[in-house]
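Reviewing the structure listed below.
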Amino acid sequence: MIVREHFPSDLFSGKTVFVTGGGSGINLGVARNFAALGADVGICGRTESRLESARSELEELGASVSTTVADVRDYDALVDAFDNAREALGPIDVLVCGAAGNFLAPAEEMSANGFKAVVDIDLLGSFNAARAAFEQLRETRGCLLFISAGQASVPHIAQAHCGAAKAGVDNLMRNLALEWGRYGIRSNGIVPGPIEGTEGMKRLGPDDPEARARFTSAIPLARYGTVDDIGQAAVFLASPLAAYVTGALLVVDGGTYLPGSGLLAHRVQRAMAAAGGDE
Ligand code: COA
Ligand code: NAP
């Protein structure tokens, strides 16, 4: 993995990193990057088989791994998960709040319970995790990382629940940076762009090759991101290189959100091309 070419392979040796929703996708990619640099890893999620398959991947990278089936909406389940991780691996140095849910639904068709489900998982789940891990993080003078999304700052069609939830997550991240700095705990967020091969892009991204090519061409760096792009940013933010960074949102999106929703930018580009202007 590329992090091993740029960071010491023992950077997180002796450290415990816990990732909520760490059984798949971006969160598993984050966990893998820490494991590649010597960390031991705790993960939780709702699906045991997913956690067990992630365990094998992380163990192959040399990590000791603790898995617990836990829904982030259930505070007591998180307390159990963090207790298990502590017993197996030692106190948590880095907590990554990554568990999230999403689907496309226009606001006028979204049920109140659909909105609530996403806010509960993304926002309450992030608070539950941070709160339940607080004593361990205080002990290690550790750090928090929140996985946000561009929807938090740029409105998207059919994403009212996700936008509201992730905006709350960003605000929570900054409040905890403010309140917990005195315990030596740093708190930062990462805003991933469209990440290749993930459940999120399966649910939200363009589904035919032509639409995907149009979407990709509107991204300034002209490609989707990878889970490692996000893992590398997480490693940096949790490392001593970021010792004075707290309350920050690191946007890792290839410039996707610079022109706003991206889709609008693309429409403008097409209109300009049709009028004979520059692409
Ligand atoms: N469109 C509209 N509403 C939807 C929906 C969809 N595609 N999927 C679920 N909902 C609604 C349900 O109808 C229900 O509302 P209701 O009681 O008024 O009918 C509500 O959301 C809760 O659904 P439920 O299936 O009980 O929620 P859950 O807690 O089991 O699952 C979800 C949470 C809905 C977010 C589910 O998609 C999930 O588990 N996602 C995790 C993976 C994921 O989203 N990955 C991408 C991360 S970016
Ligand atoms: P994913 O693979 O579906 O990741 C979500 C993970 O969270 C899953 O492992 C899921 O496992 C777990 N989870 C969901 N609900 C949970 C709950 N209530 N309690 C505990 N765990 C729960 O999707 P992804 O696309 O990689 O997304 C990962 C993160 O990146 C999310 O925070 C998402 O908002 C963010 N993000 C993604 C993109 C993208 O391009 N994909 C872009 C911006 C931001 P179980 O279902 O087994 O519980």
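The values are calculated or read from the model by the stated rules, or taken from the named source; none is laboratory data. Model, not experiment: these values are computed from the prediction. With ideal geometry, Cβ positions are generated from the backbone for all residues, glycine too; neighbour counts draw on all protein chains shown. Side chains included, ligands, DNA and RNA excluded: accessible areas come from the protein's heavy atoms. Shrake-Rupley method; radii C 1.70, N 1.55, O 1.52, S 1.80 Å.
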In segment 115-139, how many residues are in contact with a helix residue (DSSP H, G or I) (Cβ under 7 Å, 6 or more places away or on another chain), open to solvent by less than 10 Å² (accessible area, probe 1.4 Å) and within 13 Å of ligand 1 (Cβ to nearest atom)? 2
Of the numbered conditions (1) without any contact (Cβ under 8 Å) to a residue 60 or more places away in the chain; (2) near ligand 2 (Cβ under 9 Å from one of its atoms); (3) of a type in the set (Ser, Thr, Tyr), Ser111 fails exactly one; give the number of that condition. (2)
Do we have Asn33 as closer than 18 Å to Phe146 by Cα, open to solvent by less than 10 Å² (accessible area, probe 1.4 Å) and of a type outside the set (A, V, I, L, M, F, W, C) here? yes
Any residue in segment 38-52 that's in a helix (DSSP H, G or I): show its pairings with residues that are open to solvent by less than 60 Å² (accessible area, probe 1.4 Å) and within 14 Å of ligand 1 (Cβ to nearest atom) at Cβ separation under 6 Å, as long as the two are six or more apart or on different chains. Arg50/Gly23; Arg50/Ser24; Leu51/Gly23; Leu51/Gly45
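Please state which one of Ala77, Ala99, Ala132, Ala105 is in contact with a Ser or Thr (Cβ under 9 Å, 6 or more places away or on another chain) and in a helix (DSSP H, G or I).
Ala77
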Conditions first: (1) closer than 17 Å to Asp83 by Cα; (2) among the β-branched types (Val, Ile, Thr); (3) within 14 Å of ligand 1 (Cβ to nearest atom). Ile147 passes all but one, so which condition is the exception? (1)
Look through segment 232-259, keep the residues that are without any contact (Cβ under 8 Å) to a residue 60 or more places away in the chain, in contact with a strand residue (DSSP E or B) (Cβ under 9 Å, 6 or more places away or on another chain) and part of a helix (DSSP H, G or I), and return whichever of them is most open to solvent (accessible area, probe 1.4 Å). Phe236
Just need a number here: residues in segment 54-84 that are away from ligand 1 (no atom under 16 Å from the Cβ) and within 30 Å of Tyr224 (Cβ to Cβ). 11
For residues that are away from ligand 1 (no atom under 16 Å from the Cβ) and either open to solvent by less than 70 Å² (accessible area, probe 1.4 Å) or part of a helix (DSSP H, G or I) (or both), tally how many sit in segment 183-225. 19
What number of residues within segment 204-222 are more than 8 Å from ligand 2 (Cβ to nearest atom) and either among the hydrophobic types (A, V, I, L, M, F, W, C) or under 19 Å from the mean Cα position of the chain (by Cα) (or both)? 7
